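Heads up, the thing below is written out as structure tokens.
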Amino acid sequence: MDSKKIGFNSRLIHAGMIDDQFGSATVPIYQTSTFKFKNADHGAACFAGESDGYIYTRINNPTINSLEQLVASLEDGYKGIAVSSGMGAVNTIYSALLEQGDHMISTAAVYGPSRVIMEKHYSKYGIESSYIDTGDPAKIREAIRPNTRMLFIETPANPTMDISDLEEVVKIAREHQLITVADNTFCSPYLQKPLDYGFDIVFHSITKFLNGHADIVGGIIVTREKEMYDILRPMMVNLGCNMDPHQAYMVIRGLKTLSLRMERSQENAMKIAHYLENHPKVAWVKYPGLPSHPKYKLAKRQMKGPGAMISFEMKGGISAGKTLMNSVNLCILAVSLGGVETLIQHPASMTHSKINQQARERSGITDGLVRLSVGIEDVEDILSDLEQAFDKV
Ligand code: LCS
């Protein structure tokens, strides 16, 4: 079946399906580390790339391959590379595509470790990086140096909800022959498809919306063209950050309801964002579905919907935010995001705490910012939980 000929929801159910010998209606779990060759010549042909037989699970595996085909189809890409975590994806991309002397431009408010690993470790190998407001095309142009090689965009950014213009980013990158990478974790391909805008690479922390059930950690990279895939795949194999077959099966299972989950959590998020914006104890709310978001119109243009992530700040700053977080009962005080359950966390002391305070403030991660990942519970219950927590502030 050619998955390009069927719609997004049908792809969620059928794309990447394995034609197995017993006619299984779901993807079988090939829980094996290695695969038997038919004979010595077959083994040699597999290694030489002259046979597409499976060799060893770090290199490839039918269950993992099924997930890779599924997500590549959802992202309108060439092929996928499943990895052990979102950070596995980040490191595969950095190490395969950046060389000594190269420079990378990144969204200022990227997920903390994507910045920390670059500034603390890749800098040792002579790779430079700048963190800017990639939502402003003029600032991207200003930041480009003769050695710039990559534009690394996270939109909406974690946790500021800043939005970059995908079309503008690709236009600038093409003028300067730069590689474009989009972290699409906050949206999932249900809401946004960077490869359709011409990005070279899209990746996810699959831990989040794609899996959606807060029970595995994983990542995936999808490329638009074969050329980039052929560079990234061997790096993943040699770094050894492959996904496990059982994990791949869990994600395939979770993905079947992606559209339903996204719709429901986004509907809840919209109601909660309105509630927060009208709350006397809230200083500001950043949510792409509110006209008060600085990039509201752009979000409407490039995202199918505003998603399920909300950032806000309490009027009493961090001490008020802490009281709120300590007082929730239904919402869970925990990092991560994109699951069926509503999570609340404090980026400055949790997910982004390893970035120095000045850099954090420059990128809009204020000490008082609280992040909500809205789940699929009854919205009345989330609202009444927040209300009783606000009463304690
Ligand atoms: N990219 C984004 C946008 C993320 O939010 C995360 C994880 C990653 C990459 C890394 O993915 P991982 O290796 O964890 O699968 N974000 C987290 C967060 O906001 N709270 O906990 C993890």
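Listed here are the residues, each with its yes/no results for (1) open to solvent by 10 Å² or more (accessible area, probe 1.4 Å); (2) out of contact with any Lys or Arg (no Cβ under 7 Å at 6 or more places or on another chain).
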position: S164; (1), (2): no, yes
position: E168; (1), (2): yes, yes
position: I172; (1), (2): no, no
position: T180; (1), (2): no, yes
position: T185; (1), (2): yes, no
position: Y190; (1), (2): yes, no
position: K208; (1), (2): yes, yes
position: N211; (1), (2): no, yes
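Which count do you get for residues in the range 1-17 that are more than 15 Å from V251 (Cα to Cα) and part of a loop (DSSP other than H, G, I, E, B)? Can you show your working first?
Step one: list which residues in the range 1-17 are more than 15 Å from V251 (Cα to Cα), which gives 1-10.
Next, from what is left, pick out any that are part of a loop (DSSP other than H, G, I, E, B): 1-2, 6-7.
Qualifying residue count, the range 1-17: 4.
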Residues that are open to solvent by less than 30 Å² (accessible area, probe 1.4 Å) and either closer than 19 Å to Q177 by Cβ or of a type in the set (K, R) (or both), drawn from the range 104-131: M104, I105, S106, R115, I127, S130
Qualifying residue in the range 165-172 (condition: closer than 22 Å to G305 by Cβ, within 16 Å of the ligand (Cβ to nearest atom) and part of a loop (DSSP other than H, G, I, E, B)): no
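R233 - would you say it is more than 17 Å from the chain's Cα centre (by Cα), under 25 Å from V27 (Cβ atoms), open to solvent by 40 Å² or more (accessible area, probe 1.4 Å) and not acidic (D, E)? Break it down stepwise before answering.
Details: more than 17 Å from the chain's Cα centre (by Cα): yes; under 25 Å from V27 (Cβ atoms): yes; open to solvent by 40 Å² or more (accessible area, probe 1.4 Å): no; not acidic (D, E): yes.
So R233 does not fit the description; no.
Inside the range 77-103, can you point out the residues that are more than 21 Å from P234 (Cβ to Cβ) and either open to solvent by less than 30 Å² (accessible area, probe 1.4 Å) or not assigned by TED's automatic domain parsing to the domain that holds L195 (or both)?
Within the range 77-103, the first condition is being more than 21 Å from P234 (Cβ to Cβ), and the residues that meet it are 101, 103.
Hit for the range 77-103 is H103, nothing else.
Mind listing whichever residues of the range 24-76 are touching a Leu at 6+ places or on another chain (Cβ under 6 Å) and either over 21 Å from S188 (Cβ atoms) or open to solvent by 30 Å² or more (accessible area, probe 1.4 Å) (or both)?
D76
Just name the residue that is farthest from the ligand (Cβ to nearest atom) out of those in the range 80-129 that are in a loop (DSSP other than H, G, I, E, B) and either at pLDDT below 95 or of a type in the set (G, A, S) (or both).
Pass one, the range 80-129, residues in a loop (DSSP other than H, G, I, E, B): 84-85, 98-102, 108-111, 121, 126-127.
After this cut, where a residue has to be either at pLDDT below 95 or of a type in the set (G, A, S) (or both) as well, the list is 84-85, 101, 108-111, 126.
Values: S84: 8, S85: 3, G101: 26, A108: 13, A109: 10, V110: 7, Y111: 4, G126: 24 Å.
Only one residue tops the list, namely G101.
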Residue check for P294: at pLDDT 95 or above and over 22 Å from S205 (Cβ atoms): yes
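Somewhere in the range 197-204, is a residue out of contact with any His (no Cβ under 9 Å at 6 or more places or on another chain), away from the ligand (no atom under 16 Å from the Cβ), touching a residue at least 40 places away in the same chain (Cβ under 8 Å) and closer than 30 Å to S10 by Cβ? Break it down stepwise before answering.
Just the residues of the range 197-204 that are out of contact with any His (no Cβ under 9 Å at 6 or more places or on another chain), to begin with: 197-204.
Restricting the remaining residues to those that are away from the ligand (no atom under 16 Å from the Cβ) gives 197-198, 200.
If we keep only those that are touching a residue at least 40 places away in the same chain (Cβ under 8 Å) as well, we get 197.
Narrowing further to those that are closer than 30 Å to S10 by Cβ: 197.
Yes.
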Checklist (1) farther than 22 Å from V335 by Cα; (2) more than 17 Å from the chain's Cα centre (by Cα) applied to T92, failing item: (2)
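Does any residue of the range 277-289 turn out to be open to solvent by less than 20 Å² (accessible area, probe 1.4 Å) and in a helix (DSSP H, G or I)? Steps first, please.
Step one: list which residues in the range 277-289 are open to solvent by less than 20 Å² (accessible area, probe 1.4 Å), which gives 282, 285, 287-289.
Now drop any that are not in a helix (DSSP H, G or I), which leaves none.
No; the residues of the range 277-289 include none that is open to solvent by less than 20 Å² (accessible area, probe 1.4 Å) and in a helix (DSSP H, G or I).
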Hits in the range 116-171 (condition: of a type in the set (S, T, N, Q) and within 27 Å of R371 (Cα to Cα)): S129, S130, T134, T155, N158, T160, S164
Qualifying residue in the range 243-264 (condition: within 16 Å of the ligand (Cβ to nearest atom) and part of a strand (DSSP E or B)): no
Selected residue (criterion: surrounded by the fewest Cβ atoms within 10 Å (Cβ to Cβ)) from residues of the range 330-368 that are part of a strand (DSSP E or B) and among the aliphatic types (A, V, I, L, M): L333
R371 being assigned by TED's automatic domain parsing to the domain that holds A273 and part of a strand (DSSP E or B): yes
Every residue from the range 139-162 that is without any contact (Cβ under 8 Å) to a residue 40 or more places away in the chain and either open to solvent by 10 Å² or more (accessible area, probe 1.4 Å) or assigned to a loop (DSSP other than H, G, I, E, B) (or both): K139, R141, E142, A143, I144, P146
Single condition G321 does not satisfy, out of (1) within 21 Å of the chain's Cα centre (by Cα); (2) open to solvent by less than 10 Å² (accessible area, probe 1.4 Å); (3) of a type outside the set (S, T, Y): (1)
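The values are calculated or read from the model by the stated rules, or taken from the named source; none is laboratory data. Here the structure is a predicted model, which is why all the values come from computation and not from measurement. With ideal geometry, Cβ positions are generated from the backbone for all residues, glycine too; neighbour counts draw on all protein chains shown. Protein only, heavy atoms only, side chains kept; ligands, DNA and RNA dropped before computing areas. Shrake-Rupley method; radii C 1.70, N 1.55, O 1.52, S 1.80 Å.
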